[in-house]
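Working notes, structure below.
The values are calculated or read from the model by the stated rules, or taken from the named source; none is laboratory data. In this text the structure is predicted, and so the values were computed from the model without any measurement. Here Cβ is always computed from backbone atoms with ideal geometry, including for glycine, and neighbour counts include all displayed protein chains.
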Amino acid sequence: MFPELNNLLDASPDKPEEGTLTLLCDVKTDGSFLVHHFLSFYLRAGCKVCFVALLQSFSHYNIVAQKLGVSLAAAKERGQLVFFEGLKSTAGALSGSEEPSHPLPFIRGGSRDLRPLSDFVRRALMPPDDATGSPSRPALLVDDLSVLLSLGLAPVAVLDFIHSCRVTVCRRLKGNVVVLAHDGGDGEDEENDLLVNALGHQSGLILRAEGLATGFCEDVHGQLTIRRRGPPWLKAKREPLQIYQYKIQDKSVSFFARGMSAAGP
C-alpha cells in the first residue's frame, strides 16, 4: 500500500472502513496503482479478500504486491486471499478444460448474466457456519469491470452483479467493495459511460486518475481526484473535491498539490 494515499484518504489498515463501495476510475492513463494499493491495504488489515482479476495474471499482481511488502502467494496459502484469475479461467472455458460451473458461463455461450460470479464471491467471503469469534471485515476487489463489457455483457448485467455483491459484502458482512472501470473521457462509448456514471452514484468513495492534458511529463504522471459521496439527505455536508498530482515510483507513489512538483506549474 502507499502511505501517502492512506494519509489523503484518512485511512488506516488498523481500522478499515466498513460497508463502502469504492470506484476507481482512470481516464487516458493507467490507474492500476490504485488497485495494487487497495489489495495490499486490505491484506495488511487482516481482511478476507476475494480478488476478481480480469485484466492481468496472478504472477503480475504478486510481483507488484511483493514490492509493496505483501505476498499474494502466502495470503492464498493461508486462506486469506481467494483469487479468480480471469485470463487463465477464460482460456480454460474456451478450450473446454474448465468445469461446467465456470463463474463466467457467457464465455462459452451460456447465460448472459453474472450470477455464477456472484455466487463465487459469496462462497469465497461468507464465513463458515462453525466460525467462532469476531470475523474480519471482508473485501471484494474487481479489476476491471470494463473488461466484462468488452466481452459482450450489457451494462445492466454488470450493475446487477455489483448490486448483488454490495448486498452480500457491504450490507450483510459489513465489508467493502472496490472496483476499477475505465472512462474513455470522450463520450464515445455509451455503454461504458453508463456503467461508470451508475457506479459513481452508488459509490461512497470515488478515486479518478487522469492523464495530464499537456501530455507526458517526467516529474508528474497524472492527476488524482478524490470525491466522497454521502447519502442524498446529507448533500450539504459532503466533502469538497480533493485534487492532487502524482508521480509513480518503483515502490511508492508521491502526491502533491497541483503546480508544486519539481516540474513547476
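List of remarks:
- Residue ID - farthest from the chain's Cα centre (by Cα), chosen from residues in the stretch 189-231 that are hydroxyl-bearing (Ser, Thr, Tyr) and closer than 16 Å to Leu34 by Cα: Thr225
Yes/no per residue for (1) modelled with pLDDT under 95; (2) part of a helix (DSSP H, G or I); (3) farther than 18 Å from Phe120 by Cβ:
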position: Phe51; (1), (2), (3): no, no, no
position: Leu55; (1), (2), (3): yes, no, no
position: Asn62; (1), (2), (3): no, yes, yes
position: Gln66; (1), (2), (3): no, yes, yes
position: Val70; (1), (2), (3): no, no, yes
position: Ala74; (1), (2), (3): no, yes, yes
position: Phe83; (1), (2), (3): no, no, no
position: Leu87; (1), (2), (3): yes, yes, no
position: Thr90; (1), (2), (3): yes, yes, no
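- Where strands (runs of 3 or more DSSP E) fall wholly inside the stretch 173-261, the ranges with 2 or more residues that are of a type in the set (A, V, I, L, M) and either in contact with a strand residue (DSSP E or B) (Cβ under 6 Å, 6 or more places away or on another chain) or modelled with pLDDT under 95 (or both) are 176-182, 205-210, 222-228, 242-248.
- Members of the stretch 21-36 found to be part of a strand (DSSP E or B) and over 11 Å from the mean Cα position of the chain (by Cα), listed by number: Asp26, Val27
- Restricting the stretch 17-42 to residues that are touching a Ser or Thr at 6+ places or on another chain (Cβ under 9 Å) and either free of Cβ contacts under 8 Å to residues at least 24 places away in the same chain or of a type outside the set (A, V, I, L, M, F, W, C) (or both), the residue that is farthest from Lys251 (Cα to Cα) is Thr20.
- Candidate set from the stretch 92-104 (those that are touching a helix residue (DSSP H, G or I) at 6+ places or on another chain (Cβ under 6 Å) and under 25 Å from Ala139 (Cβ atoms)); member that is modelled with the highest pLDDT: Pro103
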